[in-house]
Amino acid sequence: MPRKRDAAAMDDVGIEIDGDLSDSDDGVAKRRGNRRQAGGRGAAKGRGRGKKADSEDEDEEEEDEAPRGRRGANKKKPAKKRGGDDDDESEDEGPKRKRGGGANKKKGGKAQDSDEEDSEEEKGKKGKKRGGKKGEKEEEDTKGKKGDAKGKGKDKDDEKDKKKKKKKDDSSSDSNSGSDEDEEESMSEGEMAQLMEEVEEKKKLIANIRNKPWRMGRRLTHLREAQQFVDKFEGALGKGKGRKWYAYKVMMTKKWIKFQRDFENFRTACIPWERKIKEVESHFGSSVASYFIFLRWMYGMNLVLFGFTFGLVVIPEVLMGLPYGSIPRKTVPREEQDTAQDYSVLMDFNGYCKYSVLFYGYYNDQRTIGLLKFRLPLSYLMVGIGTFGYSLMLVIRTMAKNADVGGGDGEDGEFTFAWKMFTSWDYLIGNAETADNKYASITTSFKESIVDEQENQKDENIHLRRFLRVLANFLITCSLGGSGYLIYFVVKRSQEFANRDDLSWYEKNELELIMSLLGLVCPMLFETIAELEDYHPRIALKWQLGRIFALFLGNLYTFLFALFDEVNTKLEEEQSIKNASIWAMKEYYANFSRMVNDSEATPPPMNPADVIRGPCWETAVGIEFVKLTVSDIQVSYLTILIGDFARAVIVRFLNYCWCWDLEAGFPSYGEFDISGNVLGLVFNQGMIWMGAFFAPGLVGINVLRLLSSMYYQCWAVMATNVPHERVFKASKSNNFYMGLLLLVLFLSLLPVVYVIMSLPPSFDCGPFSGKEKMFDVVMETIDLDLPAFMGTLFSYVANPGLIIPAVLLMVLAIYYLNSVSEAYKNSNMELKKKMQMARDEEKNRRNNTDSTNQVMKDLEDLLPNRSLIPPAPPEPEKPPEPETKPTKTKPGSAGKGVNLQKDVALASPNPNTRGPVSRPPAPRGGGPGPGGGRGRGPPPR
Amino acid sequence: MGSRASTLLREEEIEEIKKETGFSHSQITRLYSRFTSLDKGENGTLSREDFQRIPELAINPLGDRIINAFFPEGEDQVNFRGFMRTLAHFRPIEDNEKNKDHTASEPLNSRTNKLLFAFRLYDLDRDDKISRDELLQVLRMMVGVNISDEQLGSIADRTIQEADTNGDNCISFNEFIKVLEKVDVEQKMSIRFLH
């Protein structure tokens, strides 16, 4: 019966070690307690008493120590022998014992000795310190005690000697804890340094373990190992002079770590709207929450853009630029002045609005303004370009980060339900409302998992499904093509109409009508067609988003088309006005000089309101964008108010007096339209990016919109909507949204860059007036402000001979990186497959016993009285038993058994943990008597 | 060691509790004052009603189970020692926890003991197995009436199917450990007691 004996041996050993350890442990604990008390913990109550008790304890403990050690040693011996002939046992205990044994044999009880002395010393010190801290009366007391302790210590030495001899007699015996402490105490300086290094290394490892590209298991193993190592030797290091300093350092590190954790908590608490979003998420699932998270992200980005625009453009202009009314571009023209303050005019962003900092035209073309010589035109251009640069960078970085997250634990669906079952409740919830949310969220997450599960288990007619999907895509392509053609046709017609005057109301508004009709009908059509495909709702959402996006592109295209038309006409118009204005100016001067008849006198400047001015197409474009944004805000808010809120109110209250059940039947409550809202947000952002250059105030308006939208929509969704029928889990990364955003960003980047690089700016408004191209500002700065060689440098850089190779290089780099990432992806897949295979194999191996089990079970079913038969046949169960048995028994002893195995296993693979310690201390190999080799302590008494 | 109505805790008692649970002196005194404030009957023991007054437990779907965990089998009073023994499961595993004594009897706050505590919450009939019925009960408490019974049943089945490795349609403690292997139990099942 090998196994039984094995278990018995283990038990024995366990108990022995147990007893021994808890004892020595006590010592440590008490010492620690002392230290704490010495630090002046207990303020008033029971201080004296506690101290006295402590000191008594110390004494007792010391007296106890010797016999205990003997006893432990004696008892150890048989246990070890038994362990020796038993493989399992020696495997568990082997390393430690060997290590301890080795050390012990060499240095014997000396180490023990030094330990005790050390502790004595320490106590002495403590005593002094305590004395210093407390009053005189107590000082006497402690002094007495100290003397006492010293005396005892002397007695002790004798005892220890004896003990040492005993130890040498039965040299093979040792106790685990004793040996451990021995090792710690008996180290030379060099070893100390080495150990210190190692401890530092381990600490570093602990700090960085999160970043290590390891699997979780390995990480945990290493972490545990490192922590054990550090815990074990950290204390040992400090013995001696540097101890206090070291302890202080350790304490400060811990404080610092705690502070960092608190700070992290604080930062989490500072994330705006986290609770709101969580609330929505708990009721509507992660898919709806993903929209709000996207909205929040957008808000953050716009806030930064707002900071740039206002900090570098608007505020300098307001503070340092010329005031309103000083020059023509900052003044409302005389013919408009009467109506400039009318509400309707202001709502169209004309009148005073048009000639304000909100728009491009207000900015002056002075090279520098104010005392600070702030280069406003340059700053304006840089902010315009920087807006795009920052957005691009942010979107791409977020995408990369999300991709990282998505790859990590996205498909790790091993114990989804079990985890949800066992770990979902948050035990710190003490608020009824929060608890309700938590209930809802647990329910939702279960529902999400069920949907996923159903999707996985769907067995289907693959051919029919394929056919249906192809059909659906065909239909949708047809309708997209149709609507595209319709838009094209309508745009063409509207251009024709533009030249005619006799237009009916329909003909005037045909374009807008058709566009909004398409936007209304097509999404619904797509949704209906998508039913055919029967995708998982998550994937279906992506398709839906992509399709509506394609449709909306038509919207964008018509808008831009109309805009460029307008700009072109304005440019032509401007040319003539420019001439007229110059002519008028000359005329004015000529008239002035003729009337005054004094060619020397400078004429008073013309009233800025009277100057003939150009159409300023940039401001016109800006107004167009602002109007569009504002109307978009109005429409979306009204839609929510009417489509969701009014509907919900009607359904809720008319239900009492209606023929059929409104809540369950036809209108019912609205669902939150994720695709529509996300696309609305994306396109709105596109408008902002395009318009921000022409209307710096637009960013501010957008920030306000996003802010209010967050509260408004959160309220609306909670108050008026119902969760989707099939709540589904959003993919962890919002990368699809981000991808759409990136596309829109690129699309909106194009026209703006085109404008900056190649259209001539208006001659009399805006920061670039008087230049050929807006971009010339940069050239001018290079020429005038930077040293000359920079100019030549730039001209070299701009040389096609340099640009083409650079572009080539970039293309090559992209190609290379792409192929590398492809290779990584492949190997990743390979590894995932392998992992899955290993997992399956393990499961199979376990279930092999199970399969026979199943047969047996079937047999049992046939038997009449099932309940009398033991549920599982014992034979196949046997193999895994040794593992399972200990844990199934009593918790205390069981856990120990398991832990014991695990710990040893953890400790063994790393050679470093044992490295410095298992080695016999070289310099002291043939060392002198007890305490001789202890270089830093006081000389032996 | 009986319970005492006195508000002061004797030093020996503290020492013993310290030894048993690993709490520090100040933590024990602090928790003792908490204990007495919970003790409305002022007889040195806590009853189930005393625990029910804690809002966190009253709301918790598993609150009854947690409260049960404080009481030894068949008793409905718990004294301070018992109270501390249960709380010790939630003591964080400190970095400086003396690691020399791994072979010693495991402290109450070890990972295994924490898990065992959690396991007991689900193991209603204390047969060291979580059966389907027990899971269903817990599920009903956690999600209420929002999911149909059929779906609840399938959730329970799935859970067992995921976790069960020896095919007995129950979750044993070993399987439970396996399931929660990657969950940071040490951190999740820890309360930061004030020092």
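The values are calculated or read from the model by the stated rules, or taken from the named source; none is laboratory data. Here the structure is a predicted model, which is why all the values come from computation and not from measurement. Cβ placement follows ideal geometry from the backbone for every residue including glycine, while neighbour counts extend to all protein chains displayed.
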Query - Residue, nearest to B:Phe70 (Cα to Cα), within the range B:27-56, restricted to residues that are among the hydroxyl-bearing types (Ser, Thr, Tyr) and part of a loop (DSSP other than H, G, I, E, B) - result: B:Ser47
Report task. Test A:Leu322 against the stated conditions and say whether it is assigned by the TED database to the domain that holds A:Lys354 and either modelled with pLDDT under 85 or assigned to a loop (DSSP other than H, G, I, E, B) (or both). Result -> yes
**Report entry** Within the range A:427-450, tally of residues that are surrounded by fewer than 16 Cβ atoms within 10 Å (Cβ to Cβ) and either at pLDDT 75 or above or more than 7 Å from chain B (Cβ to nearest Cβ) (or both)
**Finding:** 2
Query - Filter pass, A:Val699 being among the aliphatic types (A, V, I, L, M), assigned by the TED database to the domain that holds A:Ile756, surrounded by 21 or more Cβ atoms within 10 Å (Cβ to Cβ) and under 21 Å from A:Val752 (Cα atoms) - result: yes
Requested in this report: Output the residue which, of all residues in the range A:367-399 that are out of contact with any Pro (no Cβ under 8 Å at 6 or more places or on another chain), among the polar types (S, T, N, Q) and crowded, with 16+ Cβ neighbours inside 10 Å, is nearest to A:Met301 (Cα to Cα).
Outcome: A:Ser391
Query raised in the report: Listed residues A:Ser821, A:Ser851; which is in a helix (DSSP H, G or I) and at pLDDT below 85?
Result: A:Ser851
**Report entry** Subset of the range A:348-379 that is in contact (Cβ under 8 Å) with a residue 40 or more places away in the chain and of a type in the set (Val, Ile, Thr) - its residue that is farthest from A:Met779 (Cα to Cα)
**Finding:** A:Val357
**Report entry** A:Val345 part of a helix (DSSP H, G or I), free of Cβ contacts under 8 Å to residues at least 60 places away in the same chain and not charged (D, E, K, R)
**Finding:** yes
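In this structure, does B:Leu136 turn out to be facing chain A (nearest Cβ under 9 Å), free of Cβ contacts under 8 Å to residues at least 24 places away in the same chain and assigned to a helix (DSSP H, G or I)?
Details: facing chain A (nearest Cβ under 9 Å): no; free of Cβ contacts under 8 Å to residues at least 24 places away in the same chain: yes; assigned to a helix (DSSP H, G or I): yes.
Judged against the criteria, B:Leu136 is not a match.
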Requested in this report: Would you tally the residues in the range B:106-133 being in a helix (DSSP H, G or I), within 11 Å of chain A (Cβ to nearest Cβ) and not hydroxyl-bearing (Ser, Thr, Tyr)?
Outcome: 10
Query - Lone qualifier among A:Ile650, A:Ile633 - being at pLDDT 85 or above, surrounded by 13 or more Cβ atoms within 10 Å (Cβ to Cβ) and under 30 Å from A:Asn568 (Cβ atoms) - result: A:Ile633
Requested in this report: Kindly list, by first and then second residue, each pair from a residue in the range B:172-195 that is touching a residue at least 40 places away in the same chain (Cβ under 8 Å) and more than 8 Å from every other protein chain (Cβ to nearest Cβ) to a residue that is hydroxyl-bearing (Ser, Thr, Tyr) and part of a helix (DSSP H, G or I), limited to pairs with Cβ atoms under 7 Å and residues at least 6 apart or on different chains.
Outcome: B:His195/B:Ser26
Query raised in the report: Could you say whether any residue in the range B:1-10 is out of contact with any Pro (no Cβ under 7 Å at 6 or more places or on another chain), buried (at least 16 other Cβ atoms within 10 Å of the Cβ) and within 14 Å of another protein chain (Cβ to nearest Cβ)?
Result: yes
**Report entry** Identity of the residue in the range A:451-469, part of a helix (DSSP H, G or I) and at pLDDT below 80, that ends up nearest to the other protein chains (Cβ to nearest Cβ)
**Finding:** A:Glu453
Report summary line: Those residues of the range A:656-666 which are closer than 15 Å to A:Thr720 by Cα and either at pLDDT 80 or above or of a type outside the set (A, V, I, L, M, F, W, C) (or both) amount to A:Glu663
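To keep it simple, each residue is scored yes or no on (1) touching a residue at least 24 places away in the same chain (Cβ under 8 Å); (2) in contact with a helix residue (DSSP H, G or I) (Cβ under 7 Å, 6 or more places away or on another chain); (3) among the basic types (Lys, Arg).
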| residue | (1), (2), (3) |
| --- | --- |
| A:Lys508 | no, no, yes |
| A:Pro523 | yes, yes, no |
| A:Val567 | yes, yes, no |
| A:Ile582 | no, no, no |
| A:Tyr589 | no, no, no |
| A:Phe592 | no, no, no |
Query raised in the report: Among all residue pairs at least 6 apart or on different chains, which show Cβ distances below 7 Å where the first residue, located in the range A:635-661, is among the acidic types (Asp, Glu) and the second is not in a helix (DSSP H, G or I)?
Result: A:Asp644/A:Gly670; A:Asp644/A:Asn721
Query raised in the report: Only one of (1) within 30 Å of A:Tyr355 (Cβ to Cβ); (2) in a helix (DSSP H, G or I); (3) of a type outside the set (D, E, K, R) is not met by A:Pro767, so which one is it?
Result: (2)
Query - Selected residue (criterion: surrounded by the fewest Cβ atoms within 10 Å (Cβ to Cβ)) from residues of the range B:145-171 that are among the β-branched types (Val, Ile, Thr) and either facing chain A (nearest Cβ under 7 Å) or more than 26 Å from A:Arg845 (Cβ to Cβ) (or both) - result: B:Val145
